[in-house]
Structure formats: structure tokens, C-alpha cells
1. Restricting attention to region 12-64, and to residues there that are more than 19 Å from residue 79 (Cα to Cα) and surrounded by 18 or more Cβ atoms within 10 Å (Cβ to Cβ), which single residue is modelled with the lowest pLDDT?
2. Please identify the pairs in which a residue from region 3-14 that is over 23 Å from residue 84 (Cβ atoms) has its Cβ atom under 8 Å from the Cβ atom of a residue that is at pLDDT 90 or above and loosely packed, with under 15 Cβ neighbours inside 10 Å, counting only partners at least 6 apart or on another chain.
């Protein structure tokens, strides 16, 4: 099962991800650690703060996906695409 980190402010996306078979982890932008992020297969952020937890400086292979201005269906598709791409 793939684990998706979702910023708490957009936790409503978690239900749809769980229905698609993902494990969802709520991330707190103030308290999340790099270790928490690297245990996720992808991270979805609100996009309100593009430098969520200093992620611009974070060296990680975890895809970070911005939800800003996007429909949930678009996000679900991008998550799936990124996870499939990472498997290759």
C-alpha cells in the first residue's frame, strides 16, 4: 500500500485517496520532519505556502504535488502517475 502525506489544511482529499487504496498521513506544516516525509510515496500540499516546511531546500525523491487550483480528480491522477513513474 502506498502512503500519501497530505497537508492538514486539505485533509478532505484524504478520504478520496483512501477510497483509492492509499494510506493517508496528515502532515502538519510546522511539526513534520524530513523522516516523516521520506516514509511517504508522495506529498500533497495546499500550495498556499510553496515552501511548505522548507521543502524547497529539502533533498528528497518524494514527489511534492501542489493542490492549488486543481480538482481532486486531477490530483489523484497525478499521484498515480508519479507513483508509477517512480516504480520504473
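The values are calculated or read from the model by the stated rules, or taken from the named source; none is laboratory data. Computed from a predicted model, the values in this text were never measured in an experiment. Don't worry about glycine lacking a Cβ; one is built from the backbone with ideal geometry, like all the others, and counts go over all protein chains shown.
1. Per the stated criteria, the residue is 53.
2. 8/26; 11/26
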